[in-house]
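A short worksheet on the structure shown next.
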Amino acid sequence: MDPEILRSSFAVVERRAEFAVKYFYSHLFRHNPDVRGLFPLDFPEDMERQRDRLFAALTHVVERLEDPELPGYLRDLGRDHRKYLVEPDHYAAVGASLIAAFATVSGSAWNAEAEKSWGEAYGAITNIMLQGAWEAEHDGEPPWWDAEVVSRARHGDDLVVLTLRPQRRLSYSPGQYVSVNTPHLPGIWRPYSLANAPRPDHTVDLHISRVENGVLSTALVRRTREGDVLRLGAPGGALTLRTPVDRPLTLIAAGTGWAPVKALLEQLDATHEARLFLVARDTSYLYDRSAVERLQARLPRLAVTFITPAPGRPKAQATERLLTALGNRAGWARHDVYLAGPPDLVEEIGEALPVLGTPAERIFHDVLPPTGQGGTRPLGSAEWLLNRPQPTWHNPSGRAPKA
Ligand SMILES: Cc1cc2nc3c(=O)[nH]c(=O)nc-3n(C[C@H](O)[C@H](O)[C@H](O)COP(=O)(O)OP(=O)(O)OC[C@H]3O[C@@H](n4cnc5c(N)ncnc54)[C@H](O)[C@@H]3O)c2cc1C
Ligand code: HEM
């Protein structure tokens, strides 16, 4: 497979992502009706989200074809796909529909070379994902962990801290996240960070902030009760401390980005030099101050800065204040920097840090879902020629997808 051919052909497909996603799912479900049931109930109403997910995954892979960390990511993805009840046979079906969608949206820009490269690339990805799934099976790892809610603390209307006891031990590194599902909402999984370093009693905390109209966060904040059982997918994510920790650390957390950062801080000992910037949309969202104070008492070399907007000012002012506070600190070239919070803030701060002096490879955060794209990129003039009618939507329920 040729990375250059993969990238250039993907660039064409990407410009027509909306069309490609509709075609892909329509083709997949028409030829494999059994696969339809694996996708969440709110589908196809939420086509934009499906587009973003599928293209985030493809972009992630295409951008990292030569990255030595890619196989590890794919193994974890395959291991974790067991929670969607994906069977090995489904991979060939998905591959055939993906390539059919790519060929259709690319028109004459698609050729035998592109088809060959994508066939080989998809085959290689499938092999690694299936290997990850097989290894997990072989190690006796469950597709998900059932975890009982043992305590629940509400902070205001929109935030809850849940403590869960997994029925089987969940091994993870501080800073990682798990995807969470409640059996009341089949097929709906969202990632949430584990907010503590591993404990002797194996319980884990989740900090969940309700998103307006958010399906899972609303259910978790408003309806979860002690004794409920949630499902947790396999832990993942790269926001883990690089060991040995021989450099000073800067940890920047906004909102519930505090959750993974808290877990990282719990892992440190009194010798570590660290500075924490904790950003919240207003002082009432600084919901875990007592935990910060306990950490400060245990870690004498931890400096803490709380950042909120001035009273009555919009929450965006917190970002400005954060940038000012970061600009007033020194030593950026020496620090490892860990970032967690809303994707747009992480992106903005991630771009500002190299200007302050932190090398890009010393800045760590989770893979960011696409934000603010709001749609596909505009078509180039040549691509207008490829513009084809929308594919017929194959939808057994008879409901039309949203425009
Ligand atoms: C690696 C990772 C770790 C995460 N850790 C946490 C965590 O510890 N605590 C936590 O509360 N959340 C965390 N999230 C966010 C979480 O996974 C969900 O995206 C969030 O709870 C919304 O899910 P939902 O089902 O309620 O909303 P959805 O039904 O998915 O979305 C409803 C609407 O809200 C918009 N939306 C989705 N997410 C957000 C958002 N974050 N801010 C604003 N609008 C949004 C969507 O575009 C959509 O229009 C994390 C996300 C990632 C990628
Ligand atoms: C090359 C192969 C594949 C890749 C790279 C891939 C990648 C992804 C990614 C990145 C997600 C987003 C959530 C997550 O990280 O778990 C996802 C979700 C999902 N995948 Fe895959 N996947 C592949 C194959 C498959 C196959 C073969 C199936 C089975 C039909 C499948 C079914 C699903 C389902 C049901 C979801 C959840 C969708 C949702 O929540 O809306 N995937 N996939």
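The values are calculated or read from the model by the stated rules, or taken from the named source; none is laboratory data. Predicted, not measured: the structure shown is a model, and the values here were computed from it. Heads up, the Cβs are rebuilt from the backbone with ideal geometry, glycines too, and the neighbour counts pull from every protein chain shown. For the accessible areas, the whole protein counts, side chains as well, though only heavy atoms, and no ligand, DNA or RNA atoms are used. Shrake-Rupley method; radii C 1.70, N 1.55, O 1.52, S 1.80 Å.
Things to note:
- Arg231, sole failed condition from (1) closer than 30 Å to Ala270 by Cα; (2) at pLDDT 95 or above; (3) of a type outside the set (A, V, I, L, M, F, W, C): (1)
Residue by residue, here is whether (1) touching a Lys or Arg at 6+ places or on another chain (Cβ under 6 Å); (2) over 19 Å from Trp145 (Cβ atoms); (3) not assigned by TED's automatic domain parsing to the domain that holds Thr163 holds:
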| position | (1), (2), (3) |
| --- | --- |
| Val221 | yes, yes, no |
| Gly227 | no, no, no |
| Thr256 | no, yes, yes |
| Pro260 | no, no, yes |
| Leu264 | no, yes, yes |
| Ala270 | no, yes, yes |
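- Output for the range 204-218, where each listed residue is open to solvent by less than 10 Å² (accessible area, probe 1.4 Å) and farther than 18 Å from Ala340 by Cβ: Leu216
- Test: residue in the range 278-287 that is modelled with pLDDT of 95 or more and of a type in the set (Val, Ile, Thr): yes
- Total residues in the range 227-282, condition in a helix (DSSP H, G or I) and either on the phi < 0 side of the Ramachandran plot or free of Cβ contacts under 8 Å to residues at least 40 places away in the same chain (or both): 12
- Unique residue being among the basic types (Lys, Arg), touching a Phe, Trp or Tyr at 6+ places or on another chain (Cβ under 9 Å) and open to solvent by 40 Å² or more (accessible area, probe 1.4 Å) when the list is Arg53, Arg82, Arg64, Arg75: Arg64
- Against the test of being more than 18 Å from the chain's Cα centre (by Cα) and among the hydrophobic types (A, V, I, L, M, F, W, C), the options Val215, Val245 yield a single qualifying residue, Val245.
- Being within 16 Å of ligand 1 (Cβ to nearest atom), modelled with pLDDT of 85 or more and either surrounded by 19 or more Cβ atoms within 10 Å (Cβ to Cβ) or of a type in the set (Lys, Arg) (or both) is a description that does not apply to Leu28.
- Pairing each residue of the range 199-218 that is within 16 Å of ligand 2 (Cβ to nearest atom) with any residue that is open to solvent by less than 80 Å² (accessible area, probe 1.4 Å), provided the two are 6+ apart or on different chains, yields C-beta distances under 6 Å for Val211/Ser217; Val215/Ile188; Leu216/Ile188; Leu216/Arg190; Ser217/Ile208; Ser217/Arg210.
- Residue pairs whose Cβ atoms lie under 8 Å apart, sitting 6 or more positions apart in sequence or on different chains, and linking a residue in the range 173-192 that is within 9 Å of ligand 1 (Cβ to nearest atom) to a partner that is among the acidic types (Asp, Glu), are Tyr177/Asp366; Ser179/Asp80; Ile188/Asp42.
- Listed by first and then second residue, the pairs with beta-carbon distance under 6 Å, at least 6 apart or on different chains, first residue in the range 88-105 and surrounded by fewer than 20 Cβ atoms within 10 Å (Cβ to Cβ), second not hydrophobic (A, V, I, L, M, F, W, C), are Ala93/Asn32; Gly95/Tyr122; Ala100/His27; Thr104/Tyr23.
- So Asp34, is it touching a Pro at 6+ places or on another chain (Cβ under 6 Å) and of a type in the set (Asp, Glu): no
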